[in-house]
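The values are calculated or read from the model by the stated rules, or taken from the named source; none is laboratory data. Keep in mind that what you see is a predicted model, and the values were worked out from it rather than measured. Neighbour counts run over all protein chains shown; Cβ positions are idealised from the backbone, glycine included.
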Amino acid sequence: MDAANPGLYGSQSMAGRLRRVLMRAAGSAMRGADAARWHYGPGFDAGRAAAQHGQLAEMVAETGAEILWLDDIENGLADSVFTHDPSLMTDHGALILRMGKPLRAPEPALHEAAYAALGIPILGRIEAPGQVEGGDCVWVDRTTLAVGRGVRTNQEGIRQLAAVLTPKGISVHGFDLPLWHGEEACLHLMSVVSPLADDLALVHAPLLPAAFYQMLKARGIRLVEGDAGEFASSNGLSLNVLPTAPREVIAVAGFPKTKAAMEAAGCTVRTFEADALCIACEGGPTCLTRPVLRA
């Protein structure tokens, strides 16, 4: 952690205890959202999505994590509730990313303004033509960052990430992702892997990049297979779980086989109803949170 702001920021782990997290309420952000424009499914309902988001926020707060709220204004940026994507936190400050989904282009500026107000330094920014979304970034350990290269994150973005992080002793590794459901759909690296602890991860192996799979195995990380049928029926949202501490996770309700697999691996799993928010909008509890401090 940077000595200039001890206890304020630092997150080079995917499953350390969550202490501070950036979120944005869905009530204003999603009000009046055009489902077709945002590529939301038929189950989207702005009012129900807001209520479900509120339940998630309550569950996060119950863990003792401090929620840092982005401004709650109606600015037409429906996807801004998915705060995981526009920035990446490190022990040295925040990286402001550049979105691969054009509709989300204004969102990184919201994060930069929030970090400035919080006294968190900006370590770097991804500039055009580079693209990186936070959902493609997975900390394998404190000095190793895996990045999915696909529709939302490109090679130039990965090159820029490496240029900023390598001098800090962090190695950046890019892995090719499949197209899966097409260019308009969202397949991030975190769509197919969710760390549950430093040595444990929930995966959908058929879509894992082979070289990334080999890296995880070589690091001694135990892989828990999510149920393939639940993965397919949820468009991957059954796999999107939020660790609030090692082996303590929040998941979307309705996927008992995947929940049982995590519990068999020693995890405590709490769930919330999220059909109108996560399932309909292609973003789970991890997507709805940007960890600022994990201890």
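Side notes on the structure shown:
- Total residues in region 63-111, condition under 21 Å from Ser13 (Cα atoms) and more than 17 Å from the chain's Cα centre (by Cα): 6
- Residue check for Gly220: surrounded by fewer than 17 Cβ atoms within 10 Å (Cβ to Cβ), at positive phi, in a loop (DSSP other than H, G, I, E, B) and at pLDDT 95 or above: yes
- Test: residue in region 195-204 that is β-branched (Val, Ile, Thr) and touching a residue at least 60 places away in the same chain (Cβ under 8 Å): no
- Condition met for Leu187 (at pLDDT below 95 and under 18 Å from the mean Cα position of the chain (by Cα)): yes
- All told, Val151 falls short of being surrounded by 21 or more Cβ atoms within 10 Å (Cβ to Cβ), touching a Leu at 6+ places or on another chain (Cβ under 6 Å) and either assigned to a helix (DSSP H, G or I) or touching a residue at least 40 places away in the same chain (Cβ under 8 Å) (or both).
- Counting residues in region 213-221 that are of a type in the set (Lys, Arg) and either farther than 18 Å from Ser13 by Cβ or in contact (Cβ under 8 Å) with a residue 60 or more places away in the chain (or both) gives one or more.
- Members of region 154-184 found to be buried (at least 20 other Cβ atoms within 10 Å of the Cβ) and touching a helix residue (DSSP H, G or I) at 6+ places or on another chain (Cβ under 6 Å), listed by number: Gly174, Phe175
- From the list Ala116, Ala105, the lone residue that is among the hydrophobic types (A, V, I, L, M, F, W, C), under 15 Å from Gly157 (Cα atoms) and surrounded by fewer than 16 Cβ atoms within 10 Å (Cβ to Cβ) is Ala105.
- Residue tally, condition β-branched (Val, Ile, Thr) and at pLDDT below 95, over region 50-103: 1
- Condition check for Gly229 on (1) over 18 Å from Ala146 (Cβ atoms); (2) assigned to a loop (DSSP other than H, G, I, E, B): one failure, at (2).
- With respect to being surrounded by 12 or more Cβ atoms within 10 Å (Cβ to Cβ), in a strand (DSSP E or B), at pLDDT 95 or above and touching a Cys at 6+ places or on another chain (Cβ under 6 Å), Leu202 falls outside the description.
Here's the yes/no breakdown for (1) in a helix (DSSP H, G or I); (2) in contact (Cβ under 8 Å) with a residue 24 or more places away in the chain; (3) closer than 21 Å to Leu103 by Cα; (4) not acidic (Asp, Glu):
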residue: Ser13; (1), (2), (3), (4): no, yes, no, yes
residue: Leu22; (1), (2), (3), (4): no, yes, yes, yes
residue: Ser28; (1), (2), (3), (4): yes, yes, yes, yes
residue: Gly32; (1), (2), (3), (4): no, yes, yes, yes
residue: Ala50; (1), (2), (3), (4): yes, yes, yes, yes
residue: Met59; (1), (2), (3), (4): yes, yes, no, yes
residue: Leu68; (1), (2), (3), (4): no, yes, no, yes
residue: Asp72; (1), (2), (3), (4): no, yes, yes, no
residue: Asn75; (1), (2), (3), (4): no, yes, yes, yes
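- Residues in region 265-295 that are under 23 Å from Arg19 (Cβ atoms) and among the charged types (D, E, K, R): 3 in all.
- When region 250-295 is limited to residues that are without any contact (Cβ under 8 Å) to a residue 60 or more places away in the chain and aliphatic (A, V, I, L, M), the one that is surrounded by the fewest Cβ atoms within 10 Å (Cβ to Cβ) turns out to be Ala264.
- Within region 34-48, restricting attention to residues that are touching a helix residue (DSSP H, G or I) at 6+ places or on another chain (Cβ under 7 Å) and in a helix (DSSP H, G or I), the residue that is modelled with the lowest pLDDT is Trp38.
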